[in-house]
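Asks: I'd like to ask some things about the structure below.
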């Protein structure tokens, strides 16, 4: 029993450096920045008016406590501030948060602010949010709970912060790793339940379906014999992720393959933001130190004995 | 050590929620079909999905505080939905076109307006929400939202007809035979005045 407990704690609290956290912070900072910039001209039209009110009303049927832009709009209205001004301010704050996270200034505060603002936008715009928003919420949720700042941040240099508990750093990395395993396992499982992924027709449909039809179908159809291979390859890659990502040798194949799959999704389907967040999460969880020489991690005296 | 136990307890609950939500959504996929599994799995999946929904507090009254606490947590952690993207099969999607009628009898056609390519994905998601909702009133409100934005761009329009269709994608073989994507008419809404309820026609 004792050995099981020791093994469990050893697995869940492995000593880790904060490099993965730096990757997560910079990556999500970039993601938030690009997300904000890409929607700058449509932000207000997507999140204002009746659609936002309906989305928030439906959200209230679930819970009254989930953050939403309507809270700010209602408060500002009492001060005579128009909805559009509030939405623009939220957008500007989100952009500033993204830039701040990239350089690592006030990391903890900005991680919380980023999670909160993005959550407000994603929930108030639930009719226009998609998978990318889900993964951005997940990433920002873990980022704000992780032991920030990391040593590559501006905070570290300015405040001369002390190293964080390596086991706590390892724990939060483990949480992200386990979550990604569940994500890919279920994504692969549900895909392999559809006959279209076995015969490749789903690959074809995914690539020609508006608005993902970036590549001319006339070009795509020449490669139709590869679709069944691609379909099976995709769900095997996802379904096998929780098994093959843990071993260092197989991870050297699996991780680049998964990242390559997301690059192809970005290029062939125009889902740049979705692919970027997935690559960031994968690199933070399993990427750091993969191809570097194994280094000994110096533990703090109190954590080394724990 | 006590701190580690607290982290362990949180992680157990957190992962349990993620797995429960993912299992529920996977079972829903099987129950709704079609999948490669035998039809006999449908009944079991329906029952199992109901049981998992109950475990997630979905059968409790909406005012129940445990249900609301759980719903709040899964929403703020971003784990309220499963991960079956484009699965088990890729749906065809929906299209919406606006027929703009001018006072002098001229008719123009317009697609939902976006300023940037990045907004095309959210708009596609919006159209899917419109197409999939089983609630007529909600569908009408959502279509009206898009119609209003078109109206703002064309203030001299007398009436707007919004036509919603589902997209039928050709197979690769059909495509080589010359068949292209087609739209199946689902609903049409006529908007005359901004605040007047729409007159709905459906297939």
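The values are calculated or read from the model by the stated rules, or taken from the named source; none is laboratory data. Only a predicted model underlies this, so the values are computations on that prediction, with no experimental measurement involved. Note that we place each Cβ from the backbone using ideal geometry, even for glycine, and neighbour counts take in every protein chain shown.
Asks: Taking only region B:50-68 into account, find how many residues are surrounded by 13 or more Cβ atoms within 10 Å (Cβ to Cβ) and either within 10 Å of another protein chain (Cβ to nearest Cβ) or closer than 28 Å to residue A:139 by Cβ (or both).
Replies: Of the residues in that region, 8 qualify.
Asks: Here are some residues: B:103, B:112, B:88. Which one is touching a residue at least 40 places away in the same chain (Cβ under 8 Å) and either more than 18 Å from the chain's Cα centre (by Cα) or closer than 30 Å to residue B:192 by Cβ (or both)?
Replies: Exactly one of B:103, B:112, B:88 is touching a residue at least 40 places away in the same chain (Cβ under 8 Å) and either more than 18 Å from the chain's Cα centre (by Cα) or closer than 30 Å to residue B:192 by Cβ (or both), namely B:103.
Asks: Name the residue, out of A:278, A:269, that is under 23 Å from residue B:125 (Cα atoms), within 12 Å of chain B (Cβ to nearest Cβ) and surrounded by 21 or more Cβ atoms within 10 Å (Cβ to Cβ).
Replies: Criteria check complete, one pass: A:278.
Asks: I'm told residue A:207 meets every condition in (1) in contact with a helix residue (DSSP H, G or I) (Cβ under 7 Å, 6 or more places away or on another chain); (2) part of a loop (DSSP other than H, G, I, E, B) except one. Can you identify the failing condition by its number?
Replies: (2)
Asks: Might you let me know whether region A:217-231 holds any residue that is in a loop (DSSP other than H, G, I, E, B), more than 7 Å from chain B (Cβ to nearest Cβ) and out of contact with any helix residue (DSSP H, G or I) (no Cβ under 8 Å at 6 or more places or on another chain)?
Replies: no
Asks: Hey, another quick one. Would you check which residues across region A:8-30 are in a helix (DSSP H, G or I) and away from chain B (no Cβ under 13 Å) and list them?
Replies: Answer for region A:8-30, where residues must be in a helix (DSSP H, G or I) and away from chain B (no Cβ under 13 Å): A:19, A:20, A:21, A:22, A:23, A:24, A:25, A:26, A:27, A:29, A:30.
Asks: Does residue B:18 count as more than 30 Å from residue A:139 (Cβ to Cβ) and within 11 Å of chain A (Cβ to nearest Cβ)?
Replies: Considered against the rule, which asks whether it is more than 30 Å from residue A:139 (Cβ to Cβ) and within 11 Å of chain A (Cβ to nearest Cβ), residue B:18 comes out as no.
Asks: Same structure, new question: Does residue A:140 fit the bill of being buried (at least 19 other Cβ atoms within 10 Å of the Cβ), touching a helix residue (DSSP H, G or I) at 6+ places or on another chain (Cβ under 9 Å), under 18 Å from residue B:79 (Cβ atoms) and at pLDDT 95 or above?
Replies: It is true that residue A:140 is buried (at least 19 other Cβ atoms within 10 Å of the Cβ), touching a helix residue (DSSP H, G or I) at 6+ places or on another chain (Cβ under 9 Å), under 18 Å from residue B:79 (Cβ atoms) and at pLDDT 95 or above.
Asks: Quick one: in region A:50-63, of everything that is free of Cβ contacts under 8 Å to residues at least 12 places away in the same chain and either in a helix (DSSP H, G or I) or more than 7 Å from every other protein chain (Cβ to nearest Cβ) (or both), which residue is farthest from residue B:75 (Cα to Cα)?
Replies: A:50
Asks: Against the definition (more than 13 Å from residue B:75 (Cβ to Cβ), out of contact with any helix residue (DSSP H, G or I) (no Cβ under 7 Å at 6 or more places or on another chain) and without any contact (Cβ under 8 Å) to a residue 24 or more places away in the chain), how does residue A:96 come out, yes or no?
Replies: Taking the combined requirement at face value, the residue satisfies it.
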